[in-house]
Ligand SMILES: C[S@@+](CC[C@H](N)C(=O)[O-])C[C@H]1O[C@@H](n2cnc3c(N)ncnc32)[C@H](O)[C@@H]1O
């Protein structure tokens, strides 16, 4: 995407800065995640972009590690949301122990359609790598929309292949029920 549209990252950063300045509610996912754990939890914001979700979770008192493949977005996360450990890395090959982060996470959040932005050939690897960073009792919340080239059934097959179980499913970060007509999924996964 960066190759095809070199200005995309700057546009994306500015879009969220503008929405934040206008007082838009950008915290739905962070509220969902905050409700899953006591304060002070270890949280991984997977595909964090410019830090919208992890930044809020850090301000709420959690210990956040955010990873994104796009260094421009990680620079913006550093600028806009100081506090979390932001780093540039590819989720499909992620091994945080390599960079001295050996902790496993109480929650991993994968918000903002990240699973439909990763290279489709690596979706299984991304879920497997995320599972390997999840604490034994940890949970992972993954949300993405329909019509983005990743059928919910294929996602569930990849979840099972990664050794994960689905604990709960919703059609929004506001906990609306998932129905066959839903155009969005939020899945809560665990070992
Ligand atoms: C729509 S953005 C969502 C950003 C953020 N999670 C949010 O909700 O504000 C999707 C993100 O996935 C990231 N991404 C795509 N493939 C990735 C990969 N293999 N490893 C890490 N991040 C990736 C992109 O760089 C982009 O920041």
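Take each of the peptides 81-87, 99-105, average the number of other beta-carbon atoms within 10 Å over its residues, and list them starting from the highest.
Those peptides, ordered most packed to least, come out 81-87, 99-105.
Antiparallel as a % of all DSSP beta bridges within the chain, to the nearest 5? Please report the intermediate quantities before stating the final value.
Values: 13 of 30 bridges.
Given both bridge residues lie in the chain, the antiparallel proportion sits at roughly 45 percent.
Nearest 500 deg cm²/dmol is fine: what mean residue ellipticity at 222 nm does the chain get from its DSSP H runs of n ≥ 4 alone, each adding -39,500 (n - 2.57), divided by its residue count?
-9500 deg cm²/dmol
Taking one equal scatterer on every alpha-carbon of segment 17-72, how large is log10 of I(q)/I(0) by Debye at q = 0.26, 0.27, 0.29 1/Å?
-1.06, -1.10, -1.18
Let's test the formula: R0 of 30 Å, r as the Cβ-Cβ distance of residue 78 and residue 166. What FRET efficiency results, to the nearest 0.05?
Details: r = 34 Å, r/R0 = 1.13.
That gives a FRET efficiency of 0.30.
Restricting to Cα pairs below 8 Å that are 6+ residues apart, what does the relative contact order work out to for the chain? Please round to a whole percent.
Working: 350 pairs, mean separation 32.5, N = 191.
Contact order relative to length: 17 percent.
In whole Å, what are the Cα extents of the chain along the three principal axes, biggest one first?
Over the chain, Cα extents along the principal axes are 37, 36, 32 Å.
When Rg is the radius of gyration of the Cα atoms in segment 89-163 and Rh is its Kirkwood radius, what does Rg/Rh come to?
Over the Cα atoms of segment 89-163, Rg/Rh equals 0.96.
Rule-based calculations on the coordinates, nothing more; no lab input. In this text the structure is predicted, and so the values were computed from the model without any measurement. Virtual Cβ from ideal backbone geometry, glycine too; neighbours counted across all protein chains shown.
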